[in-house]
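Worksheet for the structure shown next.
The values are calculated or read from the model by the stated rules, or taken from the named source; none is laboratory data. None of the values given here were measured: they were computed from a predicted structure. In this analysis, Cβ positions are derived from the backbone assuming ideal geometry, glycine residues included, and neighbour counts consider all displayed protein chains. Just so you know, the surface numbers come from the protein's heavy atoms only, side chains and all, with ligands and any DNA or RNA stripped out. Shrake-Rupley method; radii C 1.70, N 1.55, O 1.52, S 1.80 Å.
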Amino acid sequence: MKNRKIKWGIVGLGNIAHQFASDLLLVENAELTAVASRDFSKAELFGEKFNASRMYNSYELLFEDSEIEIVYIATPHNSHAELTIKALEKGKHVLCEKPMSLSHQDAQRMIEASRKHNKFFMEAFWTRFIPSVQDVLQKINNGIIGKVNYIKADFAFHGSETENKRLFDKQLGGGALFDIGVYPLFLSYILLGKPKEIAAKAVKHKNDIDLQTSMILQYESAQSILHASIVSESDMKAVISGTKGRIELNAPWFIADGYSLFINEKKEATFTLPALGKGYSHEIIECQNCILNNEIESKLWSHENCLDLSKIVEDIKNQIGLSFA
């Protein structure tokens, strides 16, 4: 039974879903069984491209499909919570794109549903599972750069309001913080945990979403300087500094194919650790292993981890005055 096929369904068939489906084809024992879109012609094209057995014009119909074991939810942010809960209620395991929800309260509801129905749930933080990040975490835990006391990370690009409408749509949960700011916050959290204090400032759009947000996370003896923007670019490297040295993750750091190690300001080594495919494959493998082991959460990105990060994001959301319907 450990070698059996895990049958997947995908709801929401945008750009990320295309990248995810491409990686799904690379994973042993993974099978794309069904896809769903409100636009059936979109579902047909997607299904044909990735060899799905069935295509639906309704998310609910996919949730009713008895063959599907796990659903990947890649719809806009504002629908994540309700669709996740519906899928769990129908007995499906769920991998939900980040951010898992637009409020900490909804995040709690999603975790409660997973536990109530005894079904696997994970927020799709693919960066947690890529080889370079796994290796960096192991080395840091082994003390290679001493005690971490400073992190610098950002995620920034120049988005177009005409070409990236979802990013600028308040109703869909657009803006820098929820779409990409969660990445540098995630890095700080997995290395330093929950901060003691947060200071955040944002530049707002006329519709009140944040175009760029800068954040300082204060810890007992460390700080993280983080930034997210959908209106300007950055080098997208990440620097993790400790008492003995530092690590620089290659750009773009959230899908880094390697990193450099510096000890006493001298480059000691360069490590190359490419991902399988785009990198979504590693979180897919983690989901399948958890399901085969009858686990409802990942040890690497647990329910508690999901909730902790959600609370950090909520605190920043309140500080910069973001609100969603």
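Remarks
- Residues that are touching a Phe, Trp or Tyr at 6+ places or on another chain (Cβ under 7 Å) and polar (S, T, N, Q) were ranked within the stretch 123-149; the one that is nearest to LYS267 (Cα to Cα) is SER132.
- Considering (1) surrounded by fewer than 18 Cβ atoms within 10 Å (Cβ to Cβ); (2) in contact with an Asp or Glu (Cβ under 6 Å, 6 or more places away or on another chain), the lone condition that ARG109 does not fulfil carries the number (2).
- Every residue from the stretch 23-36 that is touching a residue at least 12 places away in the same chain (Cβ under 8 Å), part of a loop (DSSP other than H, G, I, E, B), open to solvent by 50 Å² or more (accessible area, probe 1.4 Å) and out of contact with any helix residue (DSSP H, G or I) (no Cβ under 6 Å at 6 or more places or on another chain): LEU25
- Residue ID - farthest from PHE63 (Cα to Cα), chosen from residues in the stretch 85-96 that are without any contact (Cβ under 8 Å) to a residue 40 or more places away in the chain and part of a loop (DSSP other than H, G, I, E, B): GLY91
This table checks each residue for (1) part of a strand (DSSP E or B); (2) of a type in the set (A, V, I, L, M); (3) surrounded by 18 or more Cβ atoms within 10 Å (Cβ to Cβ).
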site	(1), (2), (3)
ARG4	no, no, no
ILE10	yes, yes, yes
ALA21	no, yes, yes
PHE46	no, no, yes
ALA52	no, yes, yes
LEU83	no, yes, yes
LYS98	no, no, yes
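- The requirement of being in a strand (DSSP E or B), within 18 Å of ASN318 (Cβ to Cβ), open to solvent by less than 50 Å² (accessible area, probe 1.4 Å) and in contact with a Phe, Trp or Tyr (Cβ under 7 Å, 6 or more places away or on another chain) is not satisfied by ALA202.
- Of everything listed in (1) open to solvent by 10 Å² or more (accessible area, probe 1.4 Å); (2) outside any strand (DSSP E or B), the single unmet condition for CYS287 is (1).
- When the residues of the stretch 125-168 are filtered to those that are among the acidic types (Asp, Glu) and either free of Cβ contacts under 8 Å to residues at least 40 places away in the same chain or part of a loop (DSSP other than H, G, I, E, B) (or both), the one that is least open to solvent (accessible area, probe 1.4 Å) is GLU161.
- The residues of the stretch 169-199 that are open to solvent by 20 Å² or more (accessible area, probe 1.4 Å) and touching a Pro at 6+ places or on another chain (Cβ under 9 Å), listed by number, are ASP169, GLN171, LEU172, ASP179, TYR189.
- Residues of the stretch 54-66 that turn out to be open to solvent by 80 Å² or more (accessible area, probe 1.4 Å) and either under 16 Å from LYS92 (Cβ atoms) or in contact (Cβ under 8 Å) with a residue 24 or more places away in the chain (or both), as a count: 3
- Some residue of the stretch 239-261 being of a type outside the set (A, V, I, L, M, F, W, C), farther than 30 Å from LYS7 by Cβ, touching a Gly at 6+ places or on another chain (Cβ under 9 Å) and at pLDDT below 95: no
- Filtering the stretch 296-316 to residues that are under 16 Å from LYS119 (Cα atoms), out of contact with any Ser or Thr (no Cβ under 8 Å at 6 or more places or on another chain) and either in a helix (DSSP H, G or I) or at pLDDT below 95 (or both) leaves GLU304, CYS306.
- For ALA275: the one exception among (1) in contact with a His (Cβ under 8 Å, 6 or more places away or on another chain); (2) over 28 Å from VAL71 (Cα atoms): (2)
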